[in-house]
Amino acid sequence: MKFIGKLLIGILVVLLVAILALYLLVQTRWGSAQVSRWITENTDYELSFDQMDHRFSSPSHLVLKNVTFGRDGKPATLVAKMVDIGVSSRQLTDPLHMDTITLFDGTLNLSPQTAPLPLQADRLLLNNMAFNSPNTEWDLSAQKVTGGVSPWQPEAGNVLGKKANIQMSAGSLTLNGVPASNVLIQGELNGKEVVLSTVGADMALGSLTGTARRDANGGWKVDNMRLNEIRLQSDKSLADFFAPITTLPSLQIGRLDVTDARLQGPDWAVTDLDLSLRNLTLSKGDWQSEDGRLSMNASEFIYGSVHLFDPILNAEFSPQGMALRQFTSRWEGGMVRTSGNWLRSGKALVLDDVAIAGLEYTLPQNWKAQWMETLPTWLNSVTLRKFGLSRNLVIDVDPIFPWQITSLDGYGTNLQLAKDRQWGVWGGNTTLNGAAATFNRVDVRRPSIALTANASTVAIGELSAFTEKGILEARASISQQPARQATISLTGRGVPLNIVQQWGWPALPVTGDGNIQLTASGNVQANAPLKPTVNGRLNAVNMDKQQVTQTMTGGQVSTVAEPVVTPSPQPSP
């Protein structure tokens, strides 16, 4: 019995000596290299570290120095100067589940290719780490990251696990191409749901704070978010700039405040933007709201050829549509003011009152093409219930037929400018007049027009202007049918006879001032030339009683009556 006891004691001593030797050996560079080699050769992972350190003053912690870890044949998942592994009695039953894993001064690369990782921990702590998560829904790159994930249970395709609390700060961060600094994030993961209870960052020379959450379907709800003094330049168009929002399943905004922001893109910009948005949900290219509100003002807003100064907009949202309580802006040297409603049921924009004053506006070169373009699906019709124009200057620099109107005034009621997503004059009444005008280099004074439109016809009941010596008066009508047949009856008294030549009629064989009577008809269609459809008759007589009558068929003058000279009466002897 004594022999057996001594043998067991001897074996135990040998085991203790072997364990102690192994313990001391592993803490050498040679031993660390052997452990790294064994793991690399016998598992699906590659591991190397220079040294393992363990101190009896902290018996539950193992420290690895200069660690590189990753899957076989893949870029390293972890590179760190030091890894502190906290162990506990749990390692007896679950050796790969640690109490804590703390990473110091390195880089952690987490992507779908790196998961699942073999380790788990009650807490994963980062200390001055770089964090990269490419090829995922959130393309993330962060530096100087300090914080933790608790618990950390990585799975395939989900490197942070399905359920965890997160608290991290980063010196700098880039998320989906958007850079930020001094970032603070607190939140939790619950399956596919994400709750960000605190988000704070300095970005684009300003700051962002807020709270948000993502549901299991990928939709986001922003409880509140505030952007201060943002200065952002983008290389994307305005549509592409907001494209990430439109691709979300849904975005519910509880409260969004923007203060003193300056944003700029290739063909758009806004300066000194203040915005307040409440209770609005964006989903599938549309929006919903029970009691939403939008207030916005800026110093300047540029979109393409539109350049607004000091725009102010206040609107309210409801299931029925949007109530535009106020829109005012300085535009092209003048002022624009309106209010009204956008009605969801018919996708109709109805403006109750439109006022435009002091405008000095040159039409864009492609304004005719824009006029023919189909409107977006959310805008089926546009109606001005009441509008007024005052002291406006409008210019068209089209080289084929340039024109301008000075001091343009006007008013109208129930003027429908769009129908079935097409611009036009589809209904209502309007009267316009100016102090002076030039039409293809012909100067006139006091031009005036009054028209009435309905579903079948645009009727011009009054069209008049003074020339240098005479007056022009006309009536016209344009059919609303696809052929767009138009007729005009023009009378000129004491006007230059070559005036009609400037407006498209062939040159007359008589000159000087006189009287004109013209009737013509044609089809004014967008995709077909006008001239071949024009038929008309012109009678002109000058002050010397020289008279000519011309008939136009298919845009060509087919008959010309020779001038008839009537002798002046001789005085009685």
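Rounded to the nearest whole Å², what accessible area per residue is found for the chain with the 1.4 Å probe? All intermediate terms of the calculation are to be shown ahead of the outcome.
Details: 32220 Å² over 573 residues.
Averaged over the residues of the chain, the accessible area is 56 Å².
Using Cα pairs closer than 8 Å and at least 6 residues apart in sequence, work out the relative contact order for the chain, in percent. All intermediate terms of the calculation are to be shown ahead of the outcome.
Working: 1537 pairs, mean separation 21.5, N = 573.
Worked out over the chain, it gives 4 percent.
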Identified option (computed volume of the Cα convex hull per residue in Å³; candidates (1) 158; (2) 195; (3) 279): (2)
Cα pair distances exceeding 20 angstrom across the range 248-341, given as percent: 45
For K347, distant residues with modelled amide H under 5 Å away: none
Under-5 Å amide H pairs with A486, H placed in peptide plane, nonlocal only: S479, G522, N523, V524
Fraction of accessible area attributable to carbon and sulfur, the chain (%, probe 1.4 Å): 58
S60/N176 FRET efficiency (R0 25 Å; Cβ-Cβ; nearest 0.05): 0.05
Rounded Å value of the spacing that divides the Cα centres of the range 417-438 and the range 457-533: 18
Environment charge of A298, counting only residues whose C-beta is closer than 13 Å and scoring Lys/Arg +1, Asp/Glu -1: -3
Nearby aspartates and glutamates by direct alpha-carbon distance to K419 (threshold 12 angstrom, same-chain neighbours under 8 apart not counted): none
Amide H partners (placed H, <5 Å) of G219, local residues excluded: S250
Whole-angstrom gap from the range 286-328 to the range 370-405, using each part's C-alpha centre: 21
Neighbourhood net charge (14 Å Cβ-Cβ; Lys/Arg +1, Asp/Glu -1) for T431: 0
Nearest-ten-degree value, helix 29-42 long axis tilted from longest Cα axis of the chain: 60
Per residue convex hull volume, Cα atoms of the range 356-408, in Å³: 100
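Return the calculated 222 nm mean residue ellipticity for the chain, to the nearest 500 deg cm²/dmol, obtained by summing -39500 (n - 2.57) across DSSP H runs with n ≥ 4 and dividing by the residue count.
Working: 6 runs with 57 residues, N = 573.
Here the helix-only value at 222 nm equals -3000 deg cm²/dmol.
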Cα shape, the range 303-441, gyration tensor, a/c 1.5 rule: prolate
Within straight-line cross-link reach of K192, aspartates and glutamates at Cα separation under 16 Å, skipping those fewer than 8 residues along the same chain: E137, E155, D215
Lysines with Cα under 22 Å of K469, excluding same-chain neighbours fewer than 8 positions away: K545
14 Å beta-carbon shell around N527, net charge (K/R +1, D/E -1): +1
Alpha-carbon centroid distance for the pair the range 141-199 / the range 225-275, whole angstrom: 23
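Rounded, prolate or oblate, given the Cα gyration tensor of the range 458-562, with a/c below 1.5 counting as rounded? Don't skip to the answer; put the middle values down first.
Numbers: a/c = 2.54, a/b = 1.46, b/c = 1.74.
Since a/c reaches 1.5 but b/c is at least a/b, the shape of the range 458-562 is classed as oblate.
The values are calculated or read from the model by the stated rules, or taken from the named source; none is laboratory data. Since the structure is predicted, the reported quantities are computational estimates derived from the model, not experimental observations. All Cβ positions, glycine included, derive from the backbone under ideal geometry; neighbour counts span all protein chains shown. Surface areas here come from the heavy atoms of the whole protein model, side chains and all, with no ligands, DNA or RNA. Shrake-Rupley method; radii C 1.70, N 1.55, O 1.52, S 1.80 Å.
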